[in-house]
Amino acid sequence: MEQTLGLMAGAGALPGQVALEARRQGWRVVAFAFGDAPGLDAGVHRVIPSRLSEIAPVLEALRAERVSAVVFSGTLPKGALFDGGAVDGPAQRILTMAGGLSDAALGAAVSETLSALGIEVLDQRTFLAPLLARPGVLTGRSPSVAEWYDIRLGLRLARQCAEYGVGQTVVVARGVPVAVETVEGTSETIRRGCQLSGPGAVVVKASASAQDYRFDLPVVGPDTLETMVRGQARVLAVEAQKVAILDRESVVRLANGGEISVVSVDGDC
């Protein structure tokens, strides 16, 4: 019997890729669209427009569609929860259960809510494993000795920030951390860091040692590189096998065109 997967789709291109791979694996996919996800329609049986503030219709649809598992993908608009706007009863219960808006707290509360319905939350890597970067230099240009120093510094700092749920991206320039990601997202962090540092910045993205890949898959993509090109950054370093590279061909093309090194680093590099 065909099983139904609930795709909790945030903004970005990742949900569309998850949907296509899930269908290839034999799932019937029902997408709950919380953001603008280009290409989503091509891989799903049904799209249900959804809002984080209105969870009752989501739970009702999960039951009606007989969903046995869900996967979260894309950027969910969590920032909207900070404005204190009205939410429905189930959403308020999740917020109360979480006791805060951190990814870990919300993830635990959502997982408990879905588990009570007999629904499993799947690891995103079930559908996106091929996007995880292997160690090595991916571009024509390799980092300089000074840039490798900044990469190692940025990697240590990014890992520590990820451990505390602060963010996963840092920008380093000439041995000095100039920007750390918080709720604004990767591209805004890079833009701010490049404005502060001037040309030559090194961007590093890493993960926590106990990263919960059910709710948060660190990812970079063409948008990341476009922001770096505009900011005249010189290096993008991602943690090997832990950070996904979306549309790798376009990432490498943009990087080579902007004389940017893209490297996937393992251990302490």
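For R51, are the conditions met, namely being basic (K, R), free of Cβ contacts under 8 Å to residues at least 40 places away in the same chain and within 24 Å of R125 (Cα to Cα)? Let's see the steps before the verdict.
Working: basic (K, R): yes; free of Cβ contacts under 8 Å to residues at least 40 places away in the same chain: yes; within 24 Å of R125 (Cα to Cα): no.
For R51, the condition - basic (K, R), free of Cβ contacts under 8 Å to residues at least 40 places away in the same chain and within 24 Å of R125 (Cα to Cα) - is not met.
Filter the range 214-246 down to the residues that are of a type in the set (D, E), crowded, with 17+ Cβ neighbours inside 10 Å and more than 19 Å from I151 (Cβ to Cβ) and list them by number.
Filtering the range 214-246 down to residues of a type in the set (D, E) leaves 216, 223, 226, 239.
The next check asks that each one be crowded, with 17+ Cβ neighbours inside 10 Å; those that pass are 216, 223, 239.
Answer for the range 214-246, where residues must be of a type in the set (D, E), crowded, with 17+ Cβ neighbours inside 10 Å and more than 19 Å from I151 (Cβ to Cβ): D216, D223.
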Exercise. Please list, ordered by first then second residue, the pairs with beta carbon atoms under 7 Å, 6 or more apart or interchain, first in the range 221-247 and touching a residue at least 60 places away in the same chain (Cβ under 8 Å), second hydroxyl-bearing (S, T, Y).
Key: R234/S261; V235/S261; V238/S264; E239/S207; A240/S264; K242/S207; V243/S207
Self-check item: Subset of the range 257-269 (residues that are in contact with a strand residue (DSSP E or B) (Cβ under 9 Å, 6 or more places away or on another chain) and either modelled with pLDDT under 95 or assigned to a helix (DSSP H, G or I) (or both))
Solution: D266, C269
Quiz prompt | In the range 18-52, residue surrounded by the most Cβ atoms within 10 Å (Cβ to Cβ) [restricted to those that are over 21 Å from the mean Cα position of the chain (by Cα) and part of a loop (DSSP other than H, G, I, E, B)] | solution = W27
Quiz item: Is one or more of the residues making up the range 216-225 more than 15 Å from the chain's Cα centre (by Cα) and hydrophobic (A, V, I, L, M, F, W, C)?
Solution: yes
Exercise. Using the structure shown, decide if G79 is at pLDDT below 90 and farther than 29 Å from V220 by Cβ.
Key: no
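Select the helices (runs of 4 or more DSSP H) contained entirely in the range 118-217, then report the ones holding at least 2 residues which are within 18 Å of G12 (Cβ to Cβ). Before you say what the answer is, go through the steps one by one.
Numbers: elements: 125-128, 145-163, 186-197.
By residue number, 125-128, 186-197.
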Quiz item: Which one of V166, V110 is more than 15 Å from A208 (Cα to Cα) and surrounded by 14 or more Cβ atoms within 10 Å (Cβ to Cβ)?
Solution: V110
Quiz item: Within the range 215-238, can one find any residue that is at pLDDT 95 or above and over 15 Å from I260 (Cα atoms)?
Solution: no
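Out of G154, G167, G136, report the one residue that is in contact with a helix residue (DSSP H, G or I) (Cβ under 6 Å, 6 or more places away or on another chain) and not charged (D, E, K, R).
On the way: G154 fails: in contact with a helix residue (DSSP H, G or I) (Cβ under 6 Å, 6 or more places away or on another chain); G136 fails: in contact with a helix residue (DSSP H, G or I) (Cβ under 6 Å, 6 or more places away or on another chain).
After applying the criteria, what remains is G167.
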Quiz item: Which condition number in (1) under 16 Å from L128 (Cβ atoms); (2) within 15 Å of the chain's Cα centre (by Cα) is the one that A162 fails?
Solution: (1)
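Is there a residue in the range 176-185 that is over 15 Å from the mean Cα position of the chain (by Cα), acidic (D, E) and not assigned by TED's automatic domain parsing to the domain that holds V18? First the steps, then the outcome.
Our first condition is that a residue be over 15 Å from the mean Cα position of the chain (by Cα); within the range 176-185, this holds for 176-180.
Of the ones still in play, those that are also acidic (D, E) are none.
No, the range 176-185 has no match at all.
The values are calculated or read from the model by the stated rules, or taken from the named source; none is laboratory data. Quantities reported herein were computed from a predicted structural model and do not represent experimental measurements. As a convention, Cβ positions derive from the backbone with ideal geometry for all residues, glycine included, and neighbour counts pool all protein chains shown.
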